[in-house]
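Please find one structure pasted underneath; my questions will follow.
Every number here is computed from the coordinates shown, using simple stated rules; none is lab data. Nothing here was measured: the structure is a model prediction, and the numbers come from that model. Methodologically, a virtual Cβ is constructed for each residue, glycine included, from the backbone with ideal geometry; neighbour enumeration extends over all protein chains shown.
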Amino acid sequence: MRAYRIAYDGQPYHGFQRQPDVETVEGELLAALDRLGVTDGGVPAGYAAAGRTDAGVSALAQTVAFEAPEWLSPAAFNSELPAAVRAWASADVPEDFHATHDAREREYVYHLYAPERHDDRARRAADALAGEHDFHNLTPDDRGTVRALSIDLTREAAFLVCRLRAGGFCRQLVRRVVGLVDEICRGEAPVSKVDRVLGSEPIDGGAGVGPAPPTPLVLTGVDYDLAFSVDDAARESVRSIFADRVAERRAGARVAEEIRDGV
């Protein structure tokens, strides 16, 4: 068994989990393993992933594990993967390893564009949301909603960077937590709304909290009792490809600014 660290740009994909008739990250991984002859069109023995990311969400450290041949280095894996999906490190794991259940903690980072937000209100909201709570009003899940959450906010130029860590996350929890923090720091709701959201009564309709947009969100860490070995060639491939994406998106932002300012 071997575990692989996978980085990907989630914008072209309909989420991580394989689905019929749409492109997904997991679909790309399994198709690559088929082309490499590791599988015969199916799922490799022991296969599991650390978690499922929503459509548009990216990852630095998504982790998949399965029965892999010795020759399947991250660089070899990349030879059949699209540029938007890159393996960059690997670790040998025990036969009973499970990429989902054996993860100790996961970390997501949300880059909230907030040039004129009130950081003090955001921090008060984050402090109130941190700790162990029943987050049933911040997820569509109806069970497994009690979580111990840590939240760290840092200001980086026009962005409020929200770093959230937990043993696991309910569906949409990160995006709804960020949505609530953003609503409060924009002054559209009082900090006391956190108490109402964390209360036992369900909140529906317009009084609820919708998820923040997915594209500023990145799965940045999944912790295991493992030592991953970085494949230098694969890492350089990731850096080169994503440097090009940085340049493309900065150019796209300049075009949008030109149109905005010229109208």
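Could the peptides 26-36, 175-185, 112-122 be put in order, highest first, of the mean number of other beta-carbon atoms found within 10 Å of their residues?
Details: 26-36: 19.5, 175-185: 24.0, 112-122: 15.1.
Going from most to least packed, we get 175-185, 26-36, 112-122.
Show the residues, 5+ positions off or on another chain, whose built amide H is closer than 5 Å to the amide H of residue 100.
49
Rounded to the nearest 20 Debye, what is the dipole magnitude of region 145-222 about its Cα centre when Lys and Arg each give +1 and Asp and Glu each give -1 at the C-beta? Mind showing how you got there, number by number?
On the way: 10 positive and 8 negative charges, 48 e Å.
Dipole size: approximately 240 debye.
How are the C-alpha pair distances of region 154-263 spread across 10 Å bins, as whole percents from the shortest bin up?
Final binned percentages: 10, 27, 31, 21, 11, 0.
Which whole-number percent of Cα pairs in region 105-218 have a distance greater than 16 Å?
Of the Cα pairs, 54 percent sit more than 16 Å apart.
Here is a follow-up. Determine the calculated [θ] at 222 nm for the chain from helices alone, applying -39500 (n - 2.57) to every DSSP H run no shorter than 4 residues and normalising by the residue count; nearest 500 deg cm²/dmol.
Only helices count here, giving -9000 deg cm²/dmol.
So, one more: Going highest first, how would you order 6-16, 226-236 by mean Cβ packing within 10 Å?
So the order, starting with the most tightly packed, is 6-16, 226-236.
Let me understand region 1-154 better: what is its radius of gyration from the alpha carbons, and its Dmax, in angstrom?
So, for region 1-154, Rg and Dmax equal 18.0, 55 Å respectively.
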